[in-house]
Amino acid sequence: MKKILASIAILGSFAFASSVNWSYHGHTGPKYWGDLNKNFIMCKIGQNQSPIDINKKDLIKACLNPLNIKYNSKATTVVNNGHTIKVNVAKGSYLYVDGKKFELKQFHFHTPSENTIDGKYFPMEAHFVHISKDGKIAVIGVMFKIGKENKALKKFQNAICSKINKKKEIKAYLNPSELLPKSRDYYRFNGSLTTPPCTEGVRWFVFKEPVEMSKEQLKIFSNIMGKNNRPTQPINARKVLY
Ligand SMILES: [Zn+2]
């Protein structure tokens, strides 16, 4: 019974949290997220917040193992939820790390990037959000730079609606791994969700190598999302492993 009550409370707070208006601008923007709702308090007092600037001075060479990514399912629908363009993924894609299995739920986009590398912003960053059975979160970040047209984005870019919460089916077969760079070298650090409620304890993995997209493609994403990147947060006691 206790367990049931606890899950109702969690569901309740999520429902409430999502009904609070937050944005990237003005009085509901990132500076004020922690004051908009008591459930958003970590946005204000958290010490391990994301995004961060991945800076040379905070790097530690840890000889990380290659990420064990097994994406075996397809992207199903795309939706503009008013904060980001989000692509939902069918069951069956996993990230294995720290002896745990994390299931890929969705990926979404930020223009410009949220994390920066040596102070440098990229025009776009994708976040692949994975959740384990016990509710732990792992996010893979992929940077985009301007170059040739991205074939994976092309498979759903025309289905993106400016109308909020209108889900559209992705007709082409798109495996989420098509959006990952060839080189699997990455930075690893502890962080948080970059949107309210800014929950901490998130395992972050940002690929060093960006992938390419055309100027026209960037326009499609940035026209709909606008500037939807939270400013970088203090790194505090954290280190970045590579
Ligand atoms: Zn994100």
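In table form, for the structure just shown:
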read-out	value
Neighbours by Cβ (under 6 Å, 6+ apart or cross-chain): first from segment 209-228, of a type in the set (Ser, Thr, Tyr); second open to solvent by less than 30 Å² (accessible area, probe 1.4 Å)	Ser222/Thr111
Where a residue in segment 189-207 is within 22 Å of Lys227 (Cα to Cα) and among the polar types (S, T, N, Q) and its partner, wherever it lies, is at pLDDT 95 or above and away from the ligand (no atom under 14 Å from the Cβ), with Cβ under 8 Å and at least six apart	Ser192/Met42; Ser192/Gly46; Ser192/Asn48; Ser192/Glu200; Ser192/Gly201; Thr199/Met42
Filtered residues of segment 52-67 (kept if farther than 11 Å from Arg188 by Cα, open to solvent by 50 Å² or more (accessible area, probe 1.4 Å) and in contact (Cβ under 8 Å) with a residue 24 or more places away in the chain)	Lys56, Pro66
Subset of segment 184-198 [open to solvent by 40 Å² or more (accessible area, probe 1.4 Å) and over 18 Å from Phe107 (Cβ atoms)]	Asp185, Arg188, Asn190
Top-ranked residue of segment 136-157 - restricted to ones that are in a loop (DSSP other than H, G, I, E, B) and open to solvent by 50 Å² or more (accessible area, probe 1.4 Å), ranked as nearest to the ligand (Cβ to nearest atom)	Lys136
Number of the exception - Lys227 against (1) more than 16 Å from the ligand (Cβ to nearest atom); (2) open to solvent by 20 Å² or more (accessible area, probe 1.4 Å); (3) closer than 24 Å to Ser23 by Cα	(1)
Complete set of residues in segment 82-96 that are in contact (Cβ under 8 Å) with a residue 40 or more places away in the chain, outside any strand (DSSP E or B), open to solvent by less than 50 Å² (accessible area, probe 1.4 Å) and in contact with a strand residue (DSSP E or B) (Cβ under 9 Å, 6 or more places away or on another chain)	Thr84
Pick from segment 192-212, criterion under 18 Å from Asp134 (Cβ atoms) and part of a loop (DSSP other than H, G, I, E, B), ranking: nearest to the ligand (Cβ to nearest atom)	Leu193
Answer residue from segment 116-132, given it is away from the ligand (no atom under 15 Å from the Cβ) and assigned to a strand (DSSP E or B) and is farthest from Asn72 (Cα to Cα) among those	Lys120
Segment 97-115, residues that are part of a strand (DSSP E or B), within 16 Å of Gly141 (Cα to Cα) and open to solvent by 10 Å² or more (accessible area, probe 1.4 Å)	Val97, Glu103, Lys105, Gln106, His108
Residue match in segment 97-114 (condition: within 16 Å of the ligand (Cβ to nearest atom), β-branched (Val, Ile, Thr) and touching a His at 6+ places or on another chain (Cβ under 9 Å))	no
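The values are calculated or read from the model by the stated rules, or taken from the named source; none is laboratory data. The structure displayed is predicted, hence computed values, not measured ones. Ideal geometry is used to build each Cβ from the backbone, glycine not excepted, and the neighbour counts take in all protein chains shown. To get the accessible areas, we keep the full protein, side chains included, count just its heavy atoms, and leave off ligands, DNA and RNA. Shrake-Rupley method; radii C 1.70, N 1.55, O 1.52, S 1.80 Å.
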